[in-house]
1. Report, to the nearest whole %, how much of the accessible area of the chain belongs to carbon and sulfur atoms, 1.4 Å probe, protein only.
2. Counting only Cα, what are the radius of gyration and maximum Cα-Cα distance Dmax of segment 1-69, in Å?
3. Which whole-number value in Å² is the accessible area per residue of segment 1-69, probe 1.4 Å?
4. Could you state the number of Å between the C-alpha centres of segment 39-72 and segment 1-37?
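The values are calculated or read from the model by the stated rules, or taken from the named source; none is laboratory data. For clarity, every value in this text was computed on a predicted model and none was experimentally measured. With ligands, DNA and RNA removed, areas are computed over all heavy atoms of the protein, side chains included. Shrake-Rupley method; radii C 1.70, N 1.55, O 1.52, S 1.80 Å.
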Amino acid sequence: AASVARAAARAGVPAVAVVGRRGLTGERLRRARIQAVYALTDIDPALARTPNAAGPLLERLTVAVADEWLPPRGPHR
């Protein structure tokens, strides 16, 4: 993930990470050039006990990340 984030930074594109469980925070994220981390366990802390719920949570999280980071779509797209 860090090498992808570095490549994104060189291209002027922000890098965000979607993870099951948050492991890196603060300075470690900044050094890795990751702009934001979205974790499934932030939505449902019980996910560690019920991993079969990951699919629907990932769908919800993907929509939230896209809404936050992607530019609005124009009427011609």
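1. With neighbouring chains kept in place, the figure for the chain is 55 percent.
2. Taking only Cα atoms of segment 1-69, I get Rg and Dmax of 12.9, 39 Å.
3. Here the residues of segment 1-69 average 68 Å² of exposed surface.
4. One Cα centre to the other: 17 Å.
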